[in-house]
Amino acid sequence: MSELINNSKYRKERLKELILKLHEGESPEKVREELIETLQSIPYGEVVEVEQELISEGLPESEVLRLCDIHGEVLEGHVDQSGAKEIPAGHPVDVFIHENKEIKKIVEKADNLLHSLDKVPRDNFRNFVLVLQTSFNELMDIDKHYQRKEYLVFPYLEKNEITGPPKVMWGKHDEIRDQLKGCIALLREEDLSKQDLSDALELLYFPALKALSDMIQKEEEILFPMCMDVLTAEDWWNIHRQTLEFGFTLYDPEVEWNPEEFQDVSGTEEPGYISKGSVSLPSGSFTVAELKAILNTAPVDMTFVDKNDKVKFFTQGKHRIFPRSRSIINRDVRLCHPPGSVDIVEKIIEDFRSGKESHAPFWIQMKGKFILIEYYALRDDHGEYLGTLEVSQDLTNARELQGERRILSYGESNTK
């Protein structure tokens with residue numbers, strides 16, 4: 001038997017037989033037992049090859065998608081990763097895996113909350129819902145993770161004639177997105193009762209969390225090791241350079257991946273920017289380095305939300321009032337605020353987009369400081385809405401200024 005187990009052709013044919021048994025209605029438990037008994041484990045690359053072959057031989061993608069989770073359940077813990085390549089720090093796959101770690105934390109937190117529903121007092125149910133909604137808002141950030149797979153990674157797999165598995169996985173992404181949207185929509189209903197939420201646990205919430213966990217398993221046991229084998233260093237470099245256009249999921253990479261073979265290509269260009277040279281505007285121009293320094297030196301925090309309500313940029317000054325990480329890039333601005341303030345955010349966006357209003361100021365006392373927070377509608381020369389700019393600044397010292405200062409003096413601006 002050992003010589004058969006070590007034979008790739010035999011392994012793939014046997015796995016194919018087992019998968020077809022699942023599609024014929026055989027119980028996952030029985031198929032899993034057969035897998036352990038006859039194969040013990042199977043290399044990750046052969047799992048992808050078998051799925052591709054089944055689709056090529058006529059098994060509908062919709063049928064593969066329908067039983068995709070059962071495939072994963074049967075294979076869990078029996079995918080051989082001994083031949084997987086090492087993943088460099090900061091590499092796109094390293095980023096994906098770190099994002100998965102953060103998603104797992106939120107999944108566990110949400111799962112614990114849902115399992116504690118019966119113990120929630122009636123008078124604390126609304127607070128419970130807000131906390132739960134915050135978790136599911138965070139989980140919705142997985143959309144950026146999936147988009148990077150779909151638009152950056154999958155095209156390279158397709159160039160290598162690996163087409164079936166990416167289509168199936170994309171289908172699972174869409175299912176998970178719909179599940180999470182359903183979870184959030186129900187939590188946002190004002191008349192949601194404890195019984196309503198309880199009734200939805202097995203139908204919607206637990207399946208959504210399981211689908212997220214299952215996808216992580218498929219990525220880390222099969223997809224990512226296979227991608228490391230198939231994609232070239234140049235492919236990964238191109239993916240890396242475009243990653244920030246989509247944004248990170250609940251994680252801001254601590255290491256900038258910059259392989260030696262591509263350092264000459266990037267030259268002195270600022271990381272994160274595609275084009276070289278200067279930025280030209282009607283009133284002047286500056287290099288990318290100059291623009292970055294200007295934005296990060298101005299004594300205000302700025303965050304730009306585009307016309308599609310996605311966070312696209314924030315300044316990175318030394319003394320930010322409200323912490324930001326690049327994991328919010330391309331995130332829906334509604335998901336960046338506590339559930340209790342979403343109505344205000346939506347009202348501002350609606351009024352700015354319609355042209356009814358263009359400025360919304362707020363001020364708060366925070367940790368002994370007076371903070372001014374202003375929202376501005378951004379419009380082009382024709383009055384078309386471009387997005388919203390949030391500007392926050394600490395006015396504590398400015399409010400204490402008295403008299404005048406006309407003589408040069410470095411340091412504190414307070415003239416008391």
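Numerical summary
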quantity: Residue satisfying condition, being surrounded by fewer than 13 Cβ atoms within 10 Å (Cβ to Cβ), in a helix (DSSP H, G or I) and modelled with pLDDT of 70 or more, within set Lys21, Lys109, Lys101, Lys16; calculated: Lys101
quantity: Check on Phe313, at pLDDT 90 or above, surrounded by 18 or more Cβ atoms within 10 Å (Cβ to Cβ) and out of contact with any Cys (no Cβ under 6 Å at 6 or more places or on another chain); calculated: no
quantity: Unmet criterion (only one of (1) surrounded by 17 or more Cβ atoms within 10 Å (Cβ to Cβ); (2) part of a loop (DSSP other than H, G, I, E, B); (3) hydroxyl-bearing (Ser, Thr, Tyr)) for Thr303; calculated: (2)
quantity: Qualifying residues in the stretch 316-326 (those that are in contact with a strand residue (DSSP E or B) (Cβ under 6 Å, 6 or more places away or on another chain) and more than 18 Å from Pro361 (Cβ to Cβ)) - the one surrounded by the most Cβ atoms within 10 Å (Cβ to Cβ); calculated: Arg324
quantity: Yes/no for Leu378 being closer than 26 Å to Asp252 by Cβ, aliphatic (A, V, I, L, M), in a strand (DSSP E or B) and touching a strand residue (DSSP E or B) at 6+ places or on another chain (Cβ under 7 Å); calculated: yes
quantity: Conditions (1) within 24 Å of Asn137 (Cα to Cα); (2) modelled with pLDDT of 95 or more: number failed by Asp343; calculated: (2)
quantity: Odd one out for Ile371 among (1) in a helix (DSSP H, G or I); (2) in contact (Cβ under 8 Å) with a residue 40 or more places away in the chain; calculated: (1)
quantity: Top-ranked residue in the stretch 384-416 [being assigned to a loop (DSSP other than H, G, I, E, B) and on the phi > 0 side of the Ramachandran plot; ranked as modelled with the lowest pLDDT]; calculated: Gly411
quantity: Residues that are part of a loop (DSSP other than H, G, I, E, B) and modelled with pLDDT of 95 or more, drawn from the stretch 354-368; calculated: Gly355, Lys356, Glu357, Ser358
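Matching residues to (1) without any contact (Cβ under 8 Å) to a residue 12 or more places away in the chain; (2) touching a Lys or Arg at 6+ places or on another chain (Cβ under 8 Å); (3) exposed (fewer than 14 other Cβ atoms within 10 Å of the Cβ); (4) within 26 Å of Glu99 (Cβ to Cβ):
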| residue | (1), (2), (3), (4) |
| --- | --- |
| Ile328 | no, no, no, yes |
| Arg331 | no, yes, no, yes |
| Pro339 | no, yes, no, yes |
| Val345 | no, yes, no, yes |
| Ile348 | no, no, no, no |
| Arg353 | no, yes, no, no |
| Lys356 | yes, no, yes, no |
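The values are calculated or read from the model by the stated rules, or taken from the named source; none is laboratory data. Every value quoted in this text rests on a predicted model; they were computed, and no experiment measured them. Neighbour counts run over all protein chains shown; Cβ positions are idealised from the backbone, glycine included.
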